[in-house]
Amino acid sequence: MAESSFTFGTVGSPSSAPAKPGGSVGAIIHLADLGLFAFEIAWVRSVRVSEKTAQAIKHQASESGVGLSVHAPYYINLNADDDEWPKSRKRLMDAARAGYSAGATEIVFHPGSYFGQPPEVVLEKVLPRLAGCVEELRAEDNPVILRPETMGKRAMLGSLADTLVMAQEIDGVEPCLDFAHLHARAGDGSVNSYDEWCTFLKAYQQALGKKAMKRLHCHLSGIEYNETGERNHLMLAESDFALPALMKALAEFGCGGRIVCESPDMAADAQVIKTAWRKAQAGA
């Protein structure tokens, strides 16, 4: 395992993974060979996995010492209208159930859209829906953590404040901190300095406590954005993302958990992030 208090990996199989054995099993083997011990299964279009495959993923992750999460399908919207909500709910629950069978502990999902409504109005609708999902999972003895992702566009449900409210109100819900999205969401180049990241992490700690800082689940990449927010993921070296500033802030707050990369070459940038973290830990 990595020596740091974070483990690092990718969202989905990296392009460097060999063709055989392929799939999530092959990606897990490849990442472990690279010294990367976190893998987010990218079921972003649909959840179609047999129990046999799920068990093979779980076994290989255990053998390789790789921690697993799932990225649920993109088409989930906690703020969907009453006709559409059952479809969104099924996508989230399918990911949670199949993910648990495959050995995943965290289920990441996009929380949806404001549809032009104020966040506080949307949250009144969203919270009981999300709480109902957790309640049903716990009744099935499914312990996965549901992690609404911080989103890169301001029109989307998923500010840091939104995700913290969900986590404060519902046991079994914690944010997925996508640092590139938080930077892009501002749209003006801000949220990219040590002081700004410390402000965000302080808010997280005040909302959820110091213990929560040790089990962060994070996405990271370079990112292109405009005044409305996120446009595309980039390699970190091709972006304006100030990686050392973020790593210094994470070290200052004693953070730990998983950081999974979404750059175009995920495995390469995961190694860049891992190196930057170790430098920050050493006070470099």
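Observations, loosely collected:
- For segment 58-109, filtered to residues that are outside any helix (DSSP H, G or I) and small (G, A, S), the residue that is nearest to the chain's Cα centre (by Cα) is S69.
- Inside segment 110-148, residues that are within 18 Å of D162 (Cα to Cα), in contact (Cβ under 8 Å) with a residue 12 or more places away in the chain, part of a helix (DSSP H, G or I) and aliphatic (A, V, I, L, M) make up a count of 7.
- Any hit, segment 19-30, residues being in contact with a strand residue (DSSP E or B) (Cβ under 9 Å, 6 or more places away or on another chain), of a type outside the set (V, I, T) and touching a residue at least 60 places away in the same chain (Cβ under 8 Å): yes
- Filter pass, K52 being free of Cβ contacts under 8 Å to residues at least 24 places away in the same chain and assigned to a helix (DSSP H, G or I): yes
- The set of residues in segment 155-187 being in a loop (DSSP other than H, G, I, E, B) and either in contact with a Phe, Trp or Tyr (Cβ under 9 Å, 6 or more places away or on another chain) or of a type in the set (A, V, I, L, M, F, W, C) (or both) consists of A155, L157, I170, P175, G187.
- In a residue-by-residue description of segment 87-101, the property of being in contact (Cβ under 8 Å) with a residue 24 or more places away in the chain, in contact with a strand residue (DSSP E or B) (Cβ under 7 Å, 6 or more places away or on another chain), over 25 Å from A61 (Cα atoms) and crowded, with 20+ Cβ neighbours inside 10 Å applies to no position.
- Consider segment 250-277 and keep the residues that are touching a helix residue (DSSP H, G or I) at 6+ places or on another chain (Cβ under 8 Å) and charged (D, E, K, R). The one that is surrounded by the fewest Cβ atoms within 10 Å (Cβ to Cβ) is E252.
- Hits in segment 18-33 - residues which are of a type outside the set (K, R) and surrounded by fewer than 22 Cβ atoms within 10 Å (Cβ to Cβ): P18, A19, P21, G22, G23, V25, G26, I29, H30, A32, D33
- Residue among L201, L216, L177, L236 that alone is within 22 Å of Q281 (Cβ to Cβ), crowded, with 19+ Cβ neighbours inside 10 Å, over 16 Å from the mean Cα position of the chain (by Cα) and hydrophobic (A, V, I, L, M, F, W, C): L236
- Criterion: under 26 Å from R129 (Cα atoms), of a type outside the set (S, T, N, Q) and crowded, with 18+ Cβ neighbours inside 10 Å - qualifying residue of I57, I41: I41
- The lone exception for S13 - which of (1) outside any loop (DSSP other than H, G, I, E, B); (2) buried (at least 18 other Cβ atoms within 10 Å of the Cβ); (3) free of Cβ contacts under 8 Å to residues at least 60 places away in the same chain it fails: (1)
Read-outs: derived from the displayed coordinates by stated rules, not from any lab. This one's a predicted model, so the numbers in the text were calculated from it and none came from an experiment. Because the Cβ atoms are built from the backbone with ideal geometry, glycine has one as well, and the counts that use them run over all protein chains shown.
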